[in-house]
Amino acid sequence: MKVRLIGIVVVLLAVFTTAACGGGGNSSSSSSASSKTLTYWASNQGTSLENDKAVLTPELAKFEKQTGIKVSLQVIGWPDLLNKILGATTSGQGPDVLNIGNTWAASLQATGAFMPFDSAALTAIGGQDKFVPASFATGGMAGTAPTSVPLYALVYGLYYNKQMFASAGLQPPTTWQELVSDATKLTDPAKKQYGMVLEGGSYTESVHFAFIFGRQNGGQPFDAGGKPTFTSAGMINGVKQYVDLLGKYKVVNPSNVQYKNGPEAPGDFAKGKAAMLMSQNNADNTLQADGMKSSEYGVVAIPAPSPLPAGGADVASFVAGINLSIFKNTKNQDAALQFVKFMTSPEEQAILDKPFTALPVVKGGTVNFTDNKAEAAAFAQVLATKAEALPRVPAESAFETNVGDAVNGLLAQAATGKAVSNSDIKAALQEAQDKMAAAGN
Amino acid sequence: MPVTTTTPTSRAVGTVPPPHRRRPRWNRATPYLFILAAILLELLIHIVPMLVGIWMSFIRLTQFFIANWSKAPAAGLGNYKVAVDFSTPIGRALLHSFTVTCLYTLIVVGLSWLFGMSAAAVLQNSFRGRGSLRTLFLVPYALPIYAGIITWSFMLQRDNGLVNHVLVSNLHVLDHPPFWLIGNNAFVSMAVVALWRSWPFAFLMIMAGMQSIPDEVYEASAMDGASVWKQLRYITLGMLRPVNVVLVLMLFLWTFNDFNTPFVLFGPTPPNSADLISIHIFDNSFVNWNFGLGSAMSVLLLLFLLVVTGAYLLVTHPRSRRA
């Protein structure tokens, strides 16, 4: 009995124990400054962890040849990454350099565990001016020295199946109304064919669309003072725009609400079970692995309602991507800066963007992850003109989980046949907001 | 718990040492030296983390302070107040989660015991294939937890899951394939999976208990004309009581703290109807980065389980009061 009781507490403390264990291994490498070995945690960008290792290893060897600094690489899957970072933050025993999801930048900055890139540090990695401004802005809270710099950029686009559109005599949509009417025409539940596929069980996807469509409808998740404003009319209408695809217009297979592992939604699109897919550009990897050629799909910006609702903006994506951070207590700060400079150099960007299907974060870089010129142009255009950064406030990660879960719940409600009204949405968002307040965020 | 310790003390510390047996002379410290390693490990693995957890529940350990715990401001009872203020969403959610967990525990423990008891009673009699049935019954318990539950999650998928295939396409019990992993059905799915996992343990324990009941007792009762039901009621259940008391307690604690079943079936944020308390606490700590609040909830859970366990042992062990 004792074992079980204490077990609960141990579960809660697991992160500290694991952090201590993991840190024990790392500390040996980071403490021996003379040997010049950096520990680097890379996120999973390729088709598998092994694929990431295979892509990065030759580049790290190149870096060692240039500078004499050895980099010990650990590739960490997305489900574990944030917990491992939290563990490292808590124990103070972490890698020297690590990848973070750029939307976590402000939340992680608030922990104080990461090195701020002040002007000296920025100069050391080649200057702020070498980065695409929209990507650079994701590095931390506005008006502070960022604690991360961009490494890979990703944006959302609307993928459409060229052949299905052509045989229905349709053009890719330029307004949200067109998107809905196209999707309706392309939906035939009897043939198990739907106009759109969603990753409806994924809280990250849900919160991204709550933000994108909320902005189109004139909403903002946070006010200027950083207080949550989830229940503004704009945010509610934005969530409704998303949930209505499944609930009101029924252009989405209700089973989509169980999709949350990444490959399912692009898989349905690749197999012709859905005519459209709203996804970040790294869906290319999955689509091609599922046998779709890059010439078989087209990409346009996710359209906004026309005319734009009051206060709305033609936002088609948030600035997604991966940033690089340096742990504050690294013993090898100079070496770490050299490594960040190397990874964000135009040459390395050109090499890494291809296998990782990323957009360049440095100026003058070209989109080279696809041979489909129109697709490359569409994504570059979205990043340049239609992408807004997610709110850069410490409560961002709590916003992602609470609002994302709320929207997932609404999608599940729609899928089980219960209509989702405006007041349902308001209640769900209000609850998410109250949770943030009560939890002290 | 405290009552059990009174029994040994009354005999163990004899006032008159037995004079006829010569024991090797032990240094006073020797027994303590023997258990020293165990005590140190117990402290390290159980007690210290538990105390740290209790301490965490009294500080505001949010994202702003996890890099430097010592700077986290004291929260007093603040975290506890938030957790049990049922007029706010956090308190309401905790209460909801607690209710769901109680219901889940009641169903899973009750049915596990019933299934285990029935299977053990049937397998008491020797017949062909008894050995293989026994083995078959134990398979769910022997399977790795993750493998078993993830298989269920595949079977419970709406479009291509085995369950809907059988119910809708083969048997035509239902017209439209229902969702098993979202909405209110999620609770049923979770309870079924947990039952599938835990009843073999009940079966194993009860079977072992039954084997220690001497045949003569049954024979004697048969001579006196007791029916099978009477034998089951007065002999089997009566002599199994010590086994059952422990078994039900263990099942209760395991099920109440069940984390694996909802986590593997639904991921880190289960549907509302299946929001068990341990995963709810996990969410409040890790997903919202508020370790102080999560710790406060854990401490409350710990207190609740201590009270229930203590009361249960008092009720089921009244004889120790006599000691």
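The values are calculated or read from the model by the stated rules, or taken from the named source; none is laboratory data. None of these values were measured; they are calculated from a predicted model. Please note: Cβ atoms are built from the backbone with ideal geometry, for glycine as well, and neighbour counts cover all protein chains shown.
For region A:192-247, give me the residue count where each residue is crowded, with 24+ Cβ neighbours inside 10 Å and of a type in the set (S, T, N, Q).
Within region A:192-247, residues that are crowded, with 24+ Cβ neighbours inside 10 Å and of a type in the set (S, T, N, Q) number 3.
Using the structure shown, decide if residue A:427 is free of Cβ contacts under 8 Å to residues at least 40 places away in the same chain and either more than 10 Å from every other protein chain (Cβ to nearest Cβ) or assigned to a helix (DSSP H, G or I) (or both).
yes
Looking at residue B:65 and the list (1) crowded, with 18+ Cβ neighbours inside 10 Å; (2) part of a helix (DSSP H, G or I), which single condition is not satisfied?
Residue B:65 satisfies every listed condition except (2).
Considering only region A:232-283, state which residues are over 23 Å from residue A:154 (Cα atoms) and either acidic (Asp, Glu) or not assigned by TED's automatic domain parsing to the domain that holds residue A:421 (or both).
A:244, the sole residue that qualifies.
Looking at region A:300-409, what helices (runs of 4 or more DSSP H) fall wholly within it and have at least 3 residues that are free of Cβ contacts under 8 Å to residues at least 60 places away in the same chain?
Ranges flagged: A:346-353, A:373-381.
So how many residues does region B:222-254 have that are among the aliphatic types (A, V, I, L, M) and within 13 Å of chain A (Cβ to nearest Cβ)?
8
Given the criterion under 25 Å from residue B:252 (Cβ atoms) and either of a type in the set (D, E, K, R) or in contact with a helix residue (DSSP H, G or I) (Cβ under 8 Å, 6 or more places away or on another chain) (or both), identify the matching residue among B:82, B:139.
Residue meeting the stated conditions: B:139.
Could you please find all residues in region A:269-319 being at pLDDT below 90, surrounded by 20 or more Cβ atoms within 10 Å (Cβ to Cβ) and over 21 Å from the mean Cα position of the chain (by Cα)?
A:292, A:312
Restricting attention to region A:20-42, does a residue exist that is closer than 30 Å to residue B:54 by Cα, in contact with a Ser or Thr (Cβ under 8 Å, 6 or more places away or on another chain), within 14 Å of chain B (Cβ to nearest Cβ) and modelled with pLDDT under 50?
Within region A:20-42, one or more residues are closer than 30 Å to residue B:54 by Cα, in contact with a Ser or Thr (Cβ under 8 Å, 6 or more places away or on another chain), within 14 Å of chain B (Cβ to nearest Cβ) and modelled with pLDDT under 50.
Can you tell me how many residues within region B:104-118 are among the aliphatic types (A, V, I, L, M), surrounded by fewer than 20 Cβ atoms within 10 Å (Cβ to Cβ) and touching a residue at least 24 places away in the same chain (Cβ under 8 Å)?
2
I'm checking my understanding of the structure. Among residues of region B:90-128 that are part of a helix (DSSP H, G or I) and of a type in the set (Phe, Trp, Tyr), which one is nearest to the other protein chains (Cβ to nearest Cβ)?
B:98
Which condition number in (1) under 26 Å from residue A:209 (Cα atoms); (2) in contact with a Pro (Cβ under 7 Å, 6 or more places away or on another chain); (3) away from chain B (no Cβ under 14 Å) is the one that residue A:349 fails?
(1)
Pick from region B:30-89 the residues that are charged (D, E, K, R), without any contact (Cβ under 8 Å) to a residue 40 or more places away in the chain and under 18 Å from residue B:298 (Cα atoms): which of them is farthest from the other protein chains (Cβ to nearest Cβ)?
B:81
Here's the yes/no breakdown for (1) surrounded by fewer than 17 Cβ atoms within 10 Å (Cβ to Cβ); (2) in the same structural domain as residue A:400 (by TED's automatic domain parsing); (3) more than 23 Å from residue A:352 (Cα to Cα):
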| residue | (1), (2), (3) |
| --- | --- |
| A:132 | no, no, no |
| A:136 | no, no, no |
| A:145 | yes, no, yes |
| A:161 | no, yes, yes |
| A:165 | no, yes, yes |
